[in-house]
Amino acid sequence: MILDVNQKQVEPDITLLEFKGRIALGRESQRVETLVSELIAQNRKKLVFDLSGVDYIDSAGIGIVTFCFGTVKEAGGALRIANPTERVKKLFHLTHVDTFLSVFPTVAEACQDFDVSPGA
C-alpha cells in the first residue's frame, strides 16, 4: 500500500498527520519531509504523527521520521508520535529512536503533552 497522509488541525495550534500504509524508501514517503517543511513555513510547529495506520516502516522510514523530528526541533517546534503499531514501536525501541522521540499510546495524550511540556 502506498503511503497516504491525512492532515487535520487540533485546536488551538496542533497539526495532526494521520499516516496509512508504508513509510519506506520511495517518493511517497519523501513527501512527508516536504509537507513538514511547508507546515513549518506556515508557522505550524506543533506536530503529531498518528502512526496507527502504518503497517510497515523500514530504515529509510525511520530516517524520514528522525529527519522530521530534527527539522521541527530546529525550527523551535515539537513533534510527538501517537498510536504506533506494535511493529513500529519495536523498531523505534531497537533503533533507540524512542529515546529522543516522544511516543504516546493515543493522539489525545500526544496533544495533551504540548500543554504540560515546558517550551512545547
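So, in segment 27-55, exactly how many residues are without any contact (Cβ under 8 Å) to a residue 12 or more places away in the chain and charged (D, E, K, R)?
Going through segment 27-55, the residues without any contact (Cβ under 8 Å) to a residue 12 or more places away in the chain turn out to be 27, 34, 38, 41-43.
Adding the requirement that they be charged (D, E, K, R) leaves 27, 38.
Count: 2.
Could you list, in sequence order, all residues of segment 3-36 that are among the small types (Gly, Ala, Ser), over 13 Å from residue 65 (Cα atoms) and either in a helix (DSSP H, G or I) or in contact with a strand residue (DSSP E or B) (Cβ under 6 Å, 6 or more places away or on another chain) (or both)? Step through it out loud before you land on a result.
Restricting attention to segment 3-36, the residues satisfying the condition of being among the small types (Gly, Ala, Ser) are 21, 24, 26, 29.
From what is left, the residues that are over 13 Å from residue 65 (Cα atoms) are 21, 26.
21 - this is the single residue of segment 3-36 that is among the small types (Gly, Ala, Ser), over 13 Å from residue 65 (Cα atoms) and either in a helix (DSSP H, G or I) or in contact with a strand residue (DSSP E or B) (Cβ under 6 Å, 6 or more places away or on another chain) (or both).
Screening segment 79-120 for residues that are in a loop (DSSP other than H, G, I, E, B), under 20 Å from residue 10 (Cβ atoms) and hydrophobic (A, V, I, L, M, F, W, C) and picking the one that is modelled with the highest pLDDT gives 101.
Is it the case, given these coordinates, that residue 8 is at pLDDT 95 or above and out of contact with any helix residue (DSSP H, G or I) (no Cβ under 7 Å at 6 or more places or on another chain)? So residue 8 fits the description; yes.
If the requirement is being touching a strand residue (DSSP E or B) at 6+ places or on another chain (Cβ under 6 Å) and more than 12 Å from residue 46 (Cα to Cα), which of these qualifies: 97, 107? Before the answer, list the steps.
Numbers: 97 fails: touching a strand residue (DSSP E or B) at 6+ places or on another chain (Cβ under 6 Å).
From the options 97, 107, the qualifying one is 107.
Among the residues of segment 47-61, is any at pLDDT 95 or above, under 19 Å from residue 3 (Cβ atoms), among the aromatic types (Phe, Trp, Tyr) and assigned to a helix (DSSP H, G or I)? No, because not a single residue in segment 47-61 is at pLDDT 95 or above, under 19 Å from residue 3 (Cβ atoms), among the aromatic types (Phe, Trp, Tyr) and assigned to a helix (DSSP H, G or I).
Taking the options 26, 76, 70, name whichever one is modelled with pLDDT under 95 and surrounded by fewer than 16 Cβ atoms within 10 Å (Cβ to Cβ).
Details: 76 fails: modelled with pLDDT under 95; 70 fails: modelled with pLDDT under 95.
Going through 26, 76, 70 in turn, just one is modelled with pLDDT under 95 and surrounded by fewer than 16 Cβ atoms within 10 Å (Cβ to Cβ): 26.
Entry remark, segment 5-23: residues being free of Cβ contacts under 8 Å to residues at least 40 places away in the same chain and either of a type outside the set (D, E, K, R) or surrounded by 12 or more Cβ atoms within 10 Å (Cβ to Cβ) (or both) number 13 in total.
The values are calculated or read from the model by the stated rules, or taken from the named source; none is laboratory data. Quick caveat, the model's predicted, so the values are computed rather than measured. Cβ atoms come from the backbone with ideal geometry, glycine included; neighbour counts cover every protein chain shown.
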